[in-house]
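First comes the structure, then the notes that go with it.
Nothing in this text is a laboratory measurement; each read-out follows from the coordinates by a stated rule. All of these numbers come straight from a predicted model, not from anything done at the bench. When we count neighbours, we look across all protein chains shown, and the Cβ atoms used for this are built from the backbone with ideal geometry, even at glycine.
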Amino acid sequence: MASVSESTVEELRKLNAEMAEASKLLIRKDLELTRANERLQALDKTKSEFISVASHQLRTPLSAIKWVINMLLEGDLGALQPEQESILRKGYESNERMIRLINDMLVVSRIEAGKFAHEPIPLYLEDILDNVLLGIEGLRRKKNIMVKWSMPKEKFGKVMVDPSSMHSVFENLLTNAIKYTPSGGVVSITLTRPKEREALVMVSDSGMGIPKDEQKNIFTRFYRSKNAIRSETDGSGLGLYIVKQIIAKHYGKIWFESAEDKGTTFFVSLDIIP
């Protein structure tokens, strides 16, 4: 019996030593992971700060270039030949695309740094949508798109939203709908009240749709579907990512339904304030 007992004690000692060694290893690995995570966070912060600073530095000269091109197009420095005007308009449009990309990158860097400005006030969604439609009128006319606007006869309540952010949401959705709808097509925007305290906005296009195997990636940063790339429409792949983050800030919901070659509908749900 004594020998069995001594053997058991020895095994327990070995087991205890192994457990102690394993515990030390776990502590060491945990410390390494913590340090690695801290380094990653520091790198991420540096990246966000770099994007913010670089974007600000780039936006200033681009704004100056835009101003000069606009002066030339307005004829302030003399009449232009048709070919000169055509070249300048292409330059102006390229400049605009670059400014939009920089603005999107700034918004993303602020969102990820937790510094995104968010000052909600009570507003009617109808008023926001009216302003957005006015702002995209030039693009609508250029592509000869019909916009069908459906809403209740009477305003049914306000939502608590940041005006600038929510304007950006619907400007992005409607601009995309027009961009991906063929010339002469139809885009519709519908405002409904499915529940007492819910406002639902639907933005539908009659465009190319989103392939089923790509739909899970649509709200991912920098993602552009194959159809979008093939159509050669400009875009950074940041718009819908930003839209989703803004809606989340407002405790709302966004989702979509799409069928290839039939079109896409985006749904935005927000709470109506009492």
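If we count every other residue with Cβ under 15 angstrom of Leu31's Cβ, Lys/Arg +1 and Asp/Glu -1, where does the sum land?
+2
Mind pulling the angle between the C-alpha long axis of helix 163-179 and the longest principal axis of the chain? Nearest 10 degrees, somewhere in 0 to 90.
For 163-179 against the chain, the angle is about 70 degrees.
Considering only DSSP beta bridges whose two residues both sit in the chain, what percent are antiparallel, to the nearest 5?
Working: 24 of 29 bridges.
Of the beta bridges lying entirely in the chain, close to 85 percent run antiparallel.
All other residues with a Cβ under 12 Å from the Cβ of Ile247 taken together, and with Lys, Arg as +1 and Asp, Glu as -1, what is their net charge?
Combined, the nearby Lys, Arg, Asp and Glu give +1.
When the chain is fully extended, how far beyond the present Cα-Cα distance does Glu112 get from Arg221, taking 0.36 nm per residue of separation?
Net length gain for the segment: 38.1 nm.
Using 32 Å as the Cα-Cα cut-off, could you pick out the over-long pairs in Lys155/Lys179; Lys195/Lys249; Lys158/Lys226? All intermediate terms of the calculation are to be shown ahead of the outcome.
Values: Lys155/Lys179 29 Å; Lys195/Lys249 21 Å; Lys158/Lys226 38 Å.
Pairs exceeding 32 Å: Lys158/Lys226.
Using packing as a proxy for protection, rank 84-90, 131-137, 200-206 so that the peptide with the highest average count of other Cβ atoms within 10 Å comes first. It would help to have the intermediate numbers written out before the result.
On the way: 84-90: 12.7, 131-137: 14.3, 200-206: 20.7.
Top to bottom by mean Cβ count within 10 Å: 200-206, 131-137, 84-90.
Just to confirm a number: summing +1 for Lys and Arg and -1 for Asp and Glu over residues other than Phe170 whose beta-carbon lies under 12 angstrom from that of Phe170, what do you get?
Values: positive: none; negative: Glu126, Asp127, Asp130, Glu171.
So the environment of Phe170 carries a net charge of -4.
Let me make sure I get this right: for the chain, a, b and c are the square roots of the gyration tensor eigenvalues over alpha carbons, sorted descending. Under 1.5 in a/c it's rounded, otherwise prolate if a/b > b/c, else oblate. Which is it?
prolate
Taking the Cα centre of the chain as origin and charging only Cβ (+1 Lys, Arg; -1 Asp, Glu), how large is the dipole, in debye to the nearest 20?
In debye, rounded to 20, the chain gives about 240.
Let me check against my output: what whole-number percent is the relative contact order of the chain, with C-alpha pairs under 8 Å and at least 6 apart?
Relative contact order here is 16 percent.
Pull out a ≥ b ≥ c, the square roots of the eigenvalues of the alpha-carbon gyration tensor of region 69-174, then state rounded if a/c is under 1.5, prolate if not and a/b is larger than b/c, and oblate in the remaining case.
Judged from the Cα gyration tensor, region 69-174 comes out oblate (a/c at least 1.5, b/c at or above a/b).
Can you tell me the 0 to 90 degree angle between the C-alpha axis of helix 125-135 and the longest principal axis of the chain, rounded to 10?
For 125-135 against the chain, the angle is about 60 degrees.
Just to verify a number: FRET efficiency for Glu257 and Leu25, C-beta to C-beta distance, R0 = 45 Å, to 0.05?
According to the calculation, E is roughly 0.35.
As a footprinting exposure proxy, order Trp149, Trp67 by other Cβ within 10 Å, with the fewest listed first.
Ranking Trp149, Trp67 by Cβ neighbours within 10 Å, fewest first, gives Trp67, Trp149.
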